[in-house]
There are 2 protein chains.
Amino acid sequence: MDIAGELLAGSRLALSRAITAVENEYDEAVSIMQRLYSHTGKAHVIGITGPPGAGKSTLTDKLAKAYRQQGKTVGIVAVDPTSPFSGGAILGDRIRMNELTLDEGVFIRSMGTRGSLGGLSRKTAEVVRILDAFGKDVVFVETVGVGQSEVDVIKAADTTVVVLVPGQGDDIQAIKAGILEIGDIFAINKADRDGVDRLATELEMMLDLNQNEVDWRPPIERTVASQGSGIAELLTTIDGHICFLSQSGHLTRRRTDRTRNELLALIEEHIGRYVLQQLSSWGQLDTLVSRIEKREKDPYTTVSELLHMYLRY
Amino acid sequence: MDIAGELLAGSRLALSRAITAVENEYDEAVSIMQRLYSHTGKAHVIGITGPPGAGKSTLTDKLAKAYRQQGKTVGIVAVDPTSPFSGGAILGDRIRMNELTLDEGVFIRSMGTRGSLGGLSRKTAEVVRILDAFGKDVVFVETVGVGQSEVDVIKAADTTVVVLVPGQGDDIQAIKAGILEIGDIFAINKADRDGVDRLATELEMMLDLNQNEVDWRPPIERTVASQGSGIAELLTTIDGHICFLSQSGHLTRRRTDRTRNELLALIEEHIGRYVLQQLSSWGQLDTLVSRIEKREKDPYTTVSELLHMYLRY
């Protein structure tokens, strides 16, 4: 049986292999994704993001355990856009992962960039989709930081939880514009520390200014993930959000937007790659580069000439 | 006269306008870049990167002043991949910028992402090129952090200075793999603090393990930018690096690589954009998205069909 078939039959080994194929862009990746696509769209995808040291991994683990107790199966994709490594356990916190890794109902995978951001958000979306096709009820996408790359990665999620901690010096400063906009729910973790109330107040003020969606005001939950406190409440809020998304029609709209963006990204990537292959195989690329280098031609005119060569007008 | 002509004639206003056109992807941006291209390739482009709080802005300012004292003109492009703002002074430190902004020989510009990383490194490279065409002898590209987006942005530089500070807790931990590889020179700033020797030793050890280029061992300089100490030495090291690049032939090689990568990025962007325009103008995109949504089709097969439709085989 092929990888996709075995995966759909429940093989964890096939699941691992499919993810590796997507990560490394093996030839078979496309046919795997083609096979799996019709089996997707069922998982609830939860994004967990926030500044380093906010306790995202611990929080994800506790949420995962809580979902397991409800009998749901869980996938976790931990993405580090600053790391060139992937596959193994790259995130420091992930190494500390304990009982979860022994639970057959949980599948954890770390992803890095392999030296280039290109395709990281697309690949993350595909790994999420693989876990979805495998039958995971809940899939977490966890990032290491709050940069633009993380914002792009987290777009694969239905519900995004932004995790903050009090007393990080420049609290709200650290909450860059992009991160506020993507937060459906805010978790103030390590809420036993000083400064929780101040952070919550500042956050409320920023949310007042930032009313994108009129019908969902992002709730602020307080947690101490390491002690498990506030986890049940946070989980209820997350489930409430997916319920709101479904009933309001937002879920369909969000997923349509996502489908559109993914399609556009795929088009750019594939068509660009095709033209490059053509150029390289004819040795044309080096000639063009050298003429540009000598300032005989500029790159902009070159590209517009290439357009005319390769595209049907 | 057109913007490009005025810019080449020395108008700072035209310079500002050209940069704005590139940032906002105005239609005239391409014709401006076409006109300017043959006037580029003369500036020494210096990348300044490192973790937040390392004092990059202060260091850049001091280096800029030192170059001004040598009679050289300076451009500074401050890039914040985590900020959606651009144009004005977005970087906190940049606001503090003082005498430099009054100096006609210095041009400073901040850039953000406008909500998407797409094109940020390409745009940065183009802004650098505009400053180059304007006649700036030295152009600094300064980033706010050390994520992969910053690594991509800094690729526009001939010489990259990685700025570190002692006592940031997880010193070397913070120096992610990518950042070590792009450092031609390391500056340990705030070198009057404790932990300088330890950081320098750790850095040397990592450089021992990481011998990419056999003929240039990245030197480690110690600076206290706020007091101006170590700046002259750092500047000498930077000038030494560009001299090494020219004489060894590395400069040509680096710039050829850069030209190739820029061309490839432009191809992807333009061809992708063309196909999207076609799809959207025919209303085809929505139909495709909706069929994918319903799982009647998968995005991978869809893209491969589009390739056949739009490309001359």
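Every read-out reported here was derived from the displayed coordinates using simple, explicitly stated rules and does not represent laboratory data. Values in this document were obtained by computation on a predicted structure and should not be read as measured data. Every residue, glycine as well, gets a Cβ built from its backbone with ideal geometry; the counts of neighbours run over all protein chains shown.
Values for this structure:
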| quantity | calculated |
| --- | --- |
| Peptide A:269-281 - average C-beta neighbours from other chains (10 Å radius) | 5 |
| Around B:Tyr67: net Lys/Arg minus Asp/Glu count, Cβ-Cβ under 13 Å | +1 |
| Cleavage-rule hits (GluC sites (Glu not before Pro)) in the range B:10-57: DSSP loop, at most 15 neighbouring Cβ within 10 angstrom | B:Glu25 |
| Taking A:Met33, A:Met111, B:Met206 and counting other C-beta atoms within 10 Å, the order from fewest to most | B:Met206, A:Met33, A:Met111 |
| Residue-averaged beta-carbon neighbours from other chains (10 angstrom radius) around A:253-265 | 4 |
| Cut-off 13 Å between beta-carbons: net charge of the residues surrounding A:Ala156, Lys and Arg +1, Asp and Glu -1 | -1 |
| Around B:Asp137: net Lys/Arg minus Asp/Glu count, Cβ-Cβ under 9 Å | +3 |
| A:Lys42 versus B:Ser281: modelled label distance in nm, points set 7 Å from Cα along the beta carbon direction | 4.3 nm |
| Relative contact order (percent, whole number), the range A:1-50, Cα cutoff 8 Å, 6+ residue spacing | 30 percent |
| Exposure proxy order (Cβ contacts within 10 Å, fewest to most) of A:His308, A:His44 | A:His308, A:His44 |
| Estimated FRET transfer efficiency when R0 is 25 angstrom, pair B:Thr301-A:His308 (beta carbons, to 0.05) | 0.35 |
| Distant-in-sequence amide H partners of A:Ile48 (H built 1.01 Å from N, under 5 Å) | A:Val141, A:Glu142, A:Thr143, A:Val161 |
| Distances in nm from A:Glu28 to the matching label points in the other copies, shortest first (labels 7 Å along Cα to Cβ) | 5.6 |
| Label spacing, shortest first and in nm, from B:Gln277 to its equivalents in the remaining copies (7 angstrom along Cα→Cβ) | 2.6 |
| Proxy reagent accessibility, fewest Cβ within 10 Å first, across B:Ser110, A:Ser16 | A:Ser16, B:Ser110 |
| Candidate aspartates and glutamates for bridging to A:Lys190, where Cα separation is under 19 Å - those fewer than 8 sequence places away on the same chain excluded | A:Asp61, A:Asp93, A:Glu142, A:Asp170, A:Asp171, A:Glu202, A:Glu204, A:Glu221, A:Glu233 |
| Eligible aspartates and glutamates near A:Lys42 by straight Cα distance, threshold 16 Å, same-chain separation 8 or greater | A:Glu126, A:Asp132, A:Asp137, A:Asp158, A:Asp239, B:Glu293, B:Glu296, B:Asp298 |
| Qualifying chymotrypsin sites (Phe, Trp or Tyr not before Pro) for the range B:232-297 [loop in DSSP, other Cβ within 10 Å: at most 10] | B:Trp282 |
| For B:Thr252, label point 7 Å along C-beta direction: distances to other copies, nm | 6.3 |
| Peptides B:197-203, A:266-272 ordered by average Cβ neighbours within 10 Å, highest first | A:266-272, B:197-203 |
